[in-house]
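Engineer: Before anything else, here's the structure in question.
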Amino acid sequence: MNWPQKSAKNTENKIMDNFYQRDATCSTFDRPFSEFLCAFCVLSRLKILSIVLLLVGAVNLRAELTPLDTNALATLAVQDHGRKKPFTTFAQETLLTMSGYSALPAQDAGARQLSAEEVILDLWFKPEGWDERPVIALNFLELKKKFGLPEDRKLFSYDELINQPALAELLDETQKLRQAGKSDDLTSLQKEAEHLGERLKLFEDLVSGQKETIVPNPASAESRWSPIFSISEGGTMVFPVQMDAFKTWYQAYRNGDIAQFNASTPQVVESLRAFAPQFYPSAATLQFEHHYMTLHPFRWAWIIYLFALVILLVTSLWIKTWGYRMTWVVLLMGLGFEVYGLACRIIISGRPPGDEHVRNRHLGLFRRDGFCRHSRIDLSEALFLLRRTARINPDADHRRFAADHSRRLDQSADRCPAQ
């Protein structure tokens with residue numbers, strides 16, 4: 001009756017003996033060592049496999065986190081407010097105007113902050129979802145209360161602001177007062193609503209591509225540049241110039257291939273330069289302004305001045321002579337940064353810093369009707385913008401709205417009085 005169990009036990013013993021037996025002289029003492037050796041081999045193979053997987057993951061992660069080549073983007077010129085500037089400068093100034101930040105803060109705990117170049121390129125090439133992201137600044141507390149928005153927040157999304165009936169009413173009141181010549185009677189609430197309407201319009205222009213004027217005008221150096229594409233009545237993208245390099249550049253960013261995008265940037269710049277090489281800024285000029293914007297010489301000057309003050313206070317009780325000399329050396333270094341920054345500003349703008357204010361006053365840009373003259377829009381354009389309720393997306397409705405928006409912009413510019 002016990003024979004089947006005995007037979008099974010004998011078979012199991014034979015299998016274990018064959019597993020542990022290394023040669024004819026294998027002893028009982030070698031069996032634990034064999035178990036250890038077998039386990040070590042298995043663990044070694046698992047370790048090698050883990051290392052291979054980690055290396056593959058690191059390569060893929062590095063490919064996904066390829067940074068933008070800002071040095072190459074700096075050679076792309078954009079005409080903004082009558083001046084030709086690097087795309088990097090345009091991105092920083094535009095984001096600062098719209099959100100109050102030179103880099104968009106992270107919204108989530110695990111997220112990272114976005115550079116100005118990333119934000120502007122996303123709004124230009126991949127606007128999907130940006131109408132729901134807080135990117136437009138609103139700091140005026142009274143205006144937040146009137147809209148029923150959280151008072152502790154500084155940034156709000158396009159959707160949160162565009163559908164505010166109170167904002168449309170404030171802009172309507174502001175327009176009537178300006179048309180009646182009563183600009184001085186505007187309240188602080190109405191002025192802040194007006195500024196908010198300008199930021200909303202800036203957001204729209206970035207999405208529709210009307211703000212990114214990168215195609216030079218071969219007519220003259222002072223002629224207005226054009227966007228790389230416009231929106232037709234049917235809602236399709238129309239390129240005024242045939243540029244295969246730009247389309248490759250555009251698709252690379254849309255697909256998230258930053259390496260290809262960086263590689264295509266010089267080709268796009270050279271293609272644009274070919275339209276008006278005599279009026280397109282040189283790469284050295286654009287790179288110089290990019291260097292100034294990234295160096296921040298005035299910021300370094302104030303840091304050095306603060307450091308000199310610390311040296312003076314620390315050495316005031318002992319080694320006064322050496323402390324006094326070191327303070328002067330550090331102060332001269334800070335002065336050098338400040339002089340260098342001032343020289344850079346003069347070279348970039350082509351005139352002393354104070355001359356711009358005098359020139360603007362001479363042109364009458366600060367007169368009572370200067371709002372229409374300076375921005376080339378009136379408040380009816382902002383009211384039209386506020387009546388839009390559709391979400392921003394790349395479909396035909398969005399493109400058709402952008403075309404209608406651009407046409408109304410031109411009409412409002414024609415209504416402005418001649419300067």
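Engineer: Within region 129-145, can you find the residues that are over 11 Å from ALA193 (Cα atoms) and either outside the structural domain of LEU202 (by TED's automatic domain parsing) or of a type in the set (Lys, Arg) (or both)?
Structural biologist: ARG133, LYS145
Engineer: Scanning region 187-215 for residues that are more than 17 Å from the chain's Cα centre (by Cα) and of a type in the set (Asp, Glu), which turns out surrounded by the most Cβ atoms within 10 Å (Cβ to Cβ)?
Structural biologist: GLU192
Engineer: Here's something else I'd like to know. Would you confirm whether or not region 238-246 contains a residue that is in a loop (DSSP other than H, G, I, E, B), farther than 30 Å from SER115 by Cα and of a type in the set (Val, Ile, Thr)?
Structural biologist: No: zero hits.
Engineer: Looking at (1) of a type in the set (Asp, Glu); (2) buried (at least 19 other Cβ atoms within 10 Å of the Cβ); (3) within 15 Å of ASN139 (Cα to Cα), can you tell me which one GLU151 breaks?
Structural biologist: It fails just one condition, (2).
Engineer: Sticking with this structure for a sec: Could you please tell me which pairs satisfy a Cβ distance under 9 Å, a separation of 6+ or placement on different chains, a first residue in region 93-112 that is in the same structural domain as LYS211 (by TED's automatic domain parsing) and in contact (Cβ under 8 Å) with a residue 40 or more places away in the chain, and a second residue that is aromatic (Phe, Trp, Tyr) and assigned to a helix (DSSP H, G or I)?
Structural biologist: That search, which allows pairs on different chains as well, returns MET98/PHE203.
Engineer: I want to confirm something. Restricting to region 94-128 and keeping residues that are of a type in the set (Val, Ile, Thr) and over 8 Å from the mean Cα position of the chain (by Cα), which single residue is farthest from ARG199 (Cα to Cα)?
Structural biologist: THR94
Engineer: Could you pull out the residue among LYS126, LYS176, LYS146 that is modelled with pLDDT under 95, surrounded by fewer than 21 Cβ atoms within 10 Å (Cβ to Cβ) and under 23 Å from GLY256 (Cβ atoms)?
Structural biologist: LYS126
Engineer: Sort out which residues of region 292-333 are within 24 Å of THR89 (Cα to Cα) and part of a helix (DSSP H, G or I), and write them in order of number.
Structural biologist: Answer for region 292-333, where residues must be within 24 Å of THR89 (Cα to Cα) and part of a helix (DSSP H, G or I): TYR292, MET293, THR294, LEU295, PRO297, PHE298, ARG299, TRP300, ALA301, TRP302, ILE303.
Engineer: Report yes if VAL135 is closer than 21 Å to LEU272 by Cα, among the aliphatic types (A, V, I, L, M), buried (at least 18 other Cβ atoms within 10 Å of the Cβ) and at pLDDT 90 or above, otherwise no.
Structural biologist: Criteria not met by VAL135.
Engineer: Within region 110-130, work out how many residues are part of a loop (DSSP other than H, G, I, E, B) and either touching a strand residue (DSSP E or B) at 6+ places or on another chain (Cβ under 8 Å) or not basic (Lys, Arg) (or both).
Structural biologist: Residues that pass the stated criteria total 6.
Engineer: Name the residues in region 281-290 that are free of Cβ contacts under 8 Å to residues at least 60 places away in the same chain and either surrounded by 14 or more Cβ atoms within 10 Å (Cβ to Cβ) or in the same structural domain as LEU342 (by TED's automatic domain parsing) (or both), would you?
Structural biologist: Within region 281-290, THR285 is the sole residue that qualifies.
Engineer: Every residue in region 170-226 that is of a type in the set (D, E, K, R) and assigned to a loop (DSSP other than H, G, I, E, B), please.
Structural biologist: Correct list: LYS182, LYS211, GLU212, GLU222, ARG224.
Engineer: Of all residues in region 241-280, how many are farther than 14 Å from ALA72 by Cβ, of a type in the set (Val, Ile, Thr) and surrounded by 14 or more Cβ atoms within 10 Å (Cβ to Cβ)?
Structural biologist: 1
Engineer: Using the structure shown, decide if LEU121 is modelled with pLDDT under 95, assigned by TED's automatic domain parsing to the domain that holds GLN287 and surrounded by 13 or more Cβ atoms within 10 Å (Cβ to Cβ).
Structural biologist: It is false that LEU121 is modelled with pLDDT under 95, assigned by TED's automatic domain parsing to the domain that holds GLN287 and surrounded by 13 or more Cβ atoms within 10 Å (Cβ to Cβ).
Residue-by-condition table, conditions (1) more than 20 Å from ILE348 (Cβ to Cβ); (2) among the hydroxyl-bearing types (Ser, Thr, Tyr):
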{"site": "TYR253", "(1), (2)": "yes, yes"}
{"site": "ALA259", "(1), (2)": "yes, no"}
{"site": "ASN262", "(1), (2)": "yes, no"}
{"site": "ARG273", "(1), (2)": "no, no"}
{"site": "ALA276", "(1), (2)": "yes, no"}
{"site": "ALA283", "(1), (2)": "no, no"}
{"site": "GLN287", "(1), (2)": "no, no"}
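Engineer: In addition: So which residues in region 64-109 are within 18 Å of GLU204 (Cα to Cα), of a type outside the set (D, E, K, R) and assigned to a helix (DSSP H, G or I)?
Structural biologist: Answer for region 64-109, where residues must be within 18 Å of GLU204 (Cα to Cα), of a type outside the set (D, E, K, R) and assigned to a helix (DSSP H, G or I): PHE90, ALA91, GLN92, THR94, LEU95, LEU96, THR97, MET98, SER99.
The values are calculated or read from the model by the stated rules, or taken from the named source; none is laboratory data. All figures in this text were calculated on a predicted structure; none of them were measured in a lab. Ideal geometry is used to build each Cβ from the backbone, glycine not excepted, and the neighbour counts take in all protein chains shown.
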